[in-house]
Amino acid sequence: MDVQRYAALSFHHRGRLLSVSGDKLELRDNRGICVSSWVYEREATNFIVINYLSYDGQEKYTEADEFVELMNISPHWVDLSGWRLSSVRGKQVFVFAKRSKLAPFATCRVYTNHFDASTGGYSFQSPRAIWHNKGDEAQLHTAHGDMVYCYAY
């Protein structure tokens with residue numbers, strides 16, 4: 001590796017560059033135009049919404065096909081690592097694994113007990129229904145516990 005060549009690309013900074021509680025990174029071209037950006041934690045909380053909740057699945061008893069659909073309403077990639085989606089009434093919690101992300105203006109779904117790679121591949125893996133047909137509340141929190149979105153029905 002040519003150390004001198006890559007030294008010019010270094011931040012030359014010994015401390016922490018990014019905040020643990022949230023930050024935004026941008027990749028800019030040689031004209032200064034942002035070509036990609038990444039946000040996480042508190043910096044991302046205004047960009048993710050619960051777009052839809054399908055609480056009455058077609059699969060009898062288990063309702064494994066119930067889902068919550070999240071939407072990224074921003075031009076940024078959003079890091080969902082450690083974020084939690086929960087059912088208030090059913091007390092079930094889904095935690096997004098490390099490296100979970102949502103593309104700009106994209107959606108993903110978190111199913112009760114169904115796997116669909118085309119919608120993100122996320123599942124509570126619950127053997128029983130999570131979302132009560134007579135009402136519940138879905139809550140989305142960052143890994144640090146900040147409320148991102150609440151969807152009641």
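The values are calculated or read from the model by the stated rules, or taken from the named source; none is laboratory data. These numbers were taken from a predicted model, which means no experiment stands behind them. Here Cβ is always computed from backbone atoms with ideal geometry, including for glycine, and neighbour counts include all displayed protein chains. Side chains included, ligands, DNA and RNA excluded: accessible areas come from the protein's heavy atoms. Shrake-Rupley method; radii C 1.70, N 1.55, O 1.52, S 1.80 Å.
Values computed for the structure shown
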read-out	value
Met71 - accessible surface, heavy atoms, 1.4 Å probe, Å² rounded to 10	60 Å²
Orientation-averaged projected area, Cα convex hull of the chain (nm²)	11.5 nm²
Computed [θ] at 222 nm, deg cm²/dmol, the chain (DSSP H ≥ 4; -39,500 (n - 2.57); rounded to nearest 500)	-500 deg cm²/dmol
Cα centre as origin, Lys/Arg/Asp/Glu Cβ charges: the chain dipole, Debye	500 debye
Global geometry of region 113-153, whether rounded, prolate or oblate, following the gyration tensor of its Cα atoms and the 1.5 cut on a/c	oblate
Percent accessible area from carbon and sulfur atoms, the chain, protein chains only, probe 1.4 Å	51 percent
